[in-house]
Amino acid sequence: MRYSKLKLNPMETKYAIVATLACIMLVAISQMEATITCGQVTKLLTPCISYAVLGGTVAPECCAGIKELHAIKITTEDIRTACSCIKQGAAMIPGINYDRVNELPGKCNTTSPYKIYPSTDCSKYTLQSFSIYYVF
């Protein structure tokens, strides 16, 4: 069996490259989903519960968890998922003090693009809003 080479003129080659890149981008965009789970958020932020309820000293593990959470939030969906998980988790903790919850990023020398309260609308936060507030 003999194969012949496909001969394209330079303009056809450019169109073929652009079409290939467009297909790759469409596949990549269609696969952009939240990569973070509520289980991960819970595991990372569980050390923060004692401060959120009782006050006192913030555990170093809490700050490490907050910073790790920031490091893995890479898409708008991740940011919204993390916000929703924190909001839902906080609502289940008896005696939670939302002002203390919202103090945690500052006490850990970082920032957060959102404040967590029962009324927080996590759907309004985007990757751009996170990037504006996030300080390494």
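The values are calculated or read from the model by the stated rules, or taken from the named source; none is laboratory data. None of these values were measured; they are calculated from a predicted model. Virtual Cβ from ideal backbone geometry, glycine too; neighbours counted across all protein chains shown. Please note that ligands, DNA and RNA were not included when accessible areas were found on the heavy atoms of the full protein model with its side chains. Shrake-Rupley method; radii C 1.70, N 1.55, O 1.52, S 1.80 Å.
Which of the residues belonging to the range 61-112 are under 11 Å from the mean Cα position of the chain (by Cα), of a type in the set (D, E, K, R) and under 18 Å from K124 (Cα atoms)?
K73, E77, D78, R80
What helices (runs of 4 or more DSSP H), lying completely within the range 44-126, carry at least 3 residues that are free of Cβ contacts under 8 Å to residues at least 12 places away in the same chain, in contact with a Cys (Cβ under 8 Å, 6 or more places away or on another chain) and open to solvent by less than 60 Å² (accessible area, probe 1.4 Å)?
Values: elements: 49-54, 60-72, 76-91, 98-107.
Because the criterion is at least 3 residues that are free of Cβ contacts under 8 Å to residues at least 12 places away in the same chain, in contact with a Cys (Cβ under 8 Å, 6 or more places away or on another chain) and open to solvent by less than 60 Å² (accessible area, probe 1.4 Å), no helices (runs of 4 or more DSSP H) in the range 44-126 meet it.
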